[in-house]
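Below: the structure, in structure tokens.
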Amino acid sequence: MVSIRVSVLVILVQLLYRGNRVSSPYNLSYQKEKLSEVKFSTIIKGDRKRWEAENVLHHVEMNVSDIEASRKFWGWLLEELGYNLYQEWENGFSYKENTTYLVFVQVQERFQDAGYHRSRVGLNHLAFHAESREHVDKMTEKLTKRQVPILYQDRHPFAGGEDYYAVFFEDPDRIKVELAAPE
């Protein structure tokens with residue numbers, strides 16, 4: 001353990017000496033090209049381990065107003081995008097792809113009235129990778145057939161800019177979702 005700590009410290013000092021900025025010993029992913037010769041999968045500080053995970057998101061948990069409507073919407077969408085049902089219980093469910101999973105939980109009744117709006121503090125939208133522009137087009141057709149509200153129809157599929165090909169739509173709680181083609 002001591003040798004790993006010393007190695008990490010030496011690497012950080014070398015990076016800082018070369019004029020590279022490192023905000024913390026846990027935020028090294030953007031220095032990956034400079035660390036390619038170093039082979040380690042954990043960074044240890046005290047007794048705490050943090051697995052290096054290529055900056056992959058672990059999970060997102062969302063409270064929803066109607067778990068069954070969300071199950072119907074998100075189950076279909078996530079299966080279309082290659083996710084698999086991961087967990088299921090009375091008041092929630094989750095879907096997983098690789099190491100990332102999305103969790104949906106029925107909001108408690110006492111919080112139901114507050115509602116959701118993407119312009120308030122909190123989540124604005126979720127964006128997913130599409131395989132191609134054709135994938136965006138096929139999904140847009142499927143979403144339309146399912147009567148899912150497509151946003152920014154007057155600018156679709158370039159609502160994100162002239163070089164940005166995507167479809168923007170809403171889930172049952174009006175949470176904005178995006179499916180973006182590779183650039």
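The values are calculated or read from the model by the stated rules, or taken from the named source; none is laboratory data. Note that the structure is a prediction, hence the values are computed from the model and not measured. Here the Cβ positions follow ideal geometry from the backbone for every residue, glycine too, while neighbour counts run over all protein chains shown. The protein model used for the area step is the full one, side chains on, heavy atoms only, and it has no ligands, DNA or RNA in it. Shrake-Rupley method; radii C 1.70, N 1.55, O 1.52, S 1.80 Å.
Structure values in brief
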| read-out | value |
| --- | --- |
| Pair list, Cβ < 8 Å and 6+ apart or interchain, from the range 65-79 residues that are in contact (Cβ under 8 Å) with a residue 60 or more places away in the chain and over 12 Å from Arg174 (Cα atoms) to residues that are among the β-branched types (Val, Ile, Thr) and outside any helix (DSSP H, G or I) | Leu77/Val177 |
| Any hit, the range 63-74, residues being in a strand (DSSP E or B) and at pLDDT 85 or above | yes |
| Residue ID - farthest from Arg146 (Cα to Cα), chosen from residues in the range 52-92 that are hydrophobic (A, V, I, L, M, F, W, C) and over 18 Å from the mean Cα position of the chain (by Cα) | Trp89 |
| Filter pass, Arg110 being assigned to a loop (DSSP other than H, G, I, E, B), basic (Lys, Arg) and more than 16 Å from Leu77 (Cβ to Cβ) | no |
| Pairs, first in contact (Cβ under 8 Å) with a residue 24 or more places away in the chain in the range 112-140, second among the aromatic types (Phe, Trp, Tyr) and surrounded by 15 or more Cβ atoms within 10 Å (Cβ to Cβ), C-beta under 7 Å, six or more apart | Arg133/Tyr165; Val136/Tyr165 |
| Number of positions in the range 161-183 that are over 23 Å from Asp66 (Cβ atoms) and open to solvent by 70 Å² or more (accessible area, probe 1.4 Å) | 4 |
| Inter-residue pairs, beta-carbon under 6 Å, first under 18 Å from His129 (Cβ atoms) and in the range 150-174, second among the acidic types (Asp, Glu), 6+ apart | Ala166/Glu178; Phe168/Glu178 |
| Total residues in the range 87-104, condition farther than 13 Å from Met62 by Cβ and outside any loop (DSSP other than H, G, I, E, B) | 6 |
| Failed criterion for Gln108 (all others in (1) at pLDDT below 95; (2) within 22 Å of the chain's Cα centre (by Cα); (3) open to solvent by 70 Å² or more (accessible area, probe 1.4 Å) hold) | (2) |
| Some residue of the range 124-137 being open to solvent by less than 50 Å² (accessible area, probe 1.4 Å) and closer than 16 Å to Asp66 by Cβ | no |
| Scan of the range 75-85 for residues that are assigned to a loop (DSSP other than H, G, I, E, B) and within 10 Å of Leu102 (Cα to Cα), ordered by number | Tyr83 |
| Matching entry among Val107, Val148, Val121 (being under 21 Å from Val60 (Cα atoms), of a type outside the set (Ser, Thr, Tyr) and in contact with a strand residue (DSSP E or B) (Cβ under 7 Å, 6 or more places away or on another chain)) | Val107 |
| Output for the range 139-160, where each listed residue is open to solvent by 30 Å² or more (accessible area, probe 1.4 Å) and of a type outside the set (Ser, Thr, Tyr) | Glu141, Lys142, Lys145, Arg146, Gln147, Pro149, Gln153, Asp154, Arg155, His156, Phe158, Gly160 |
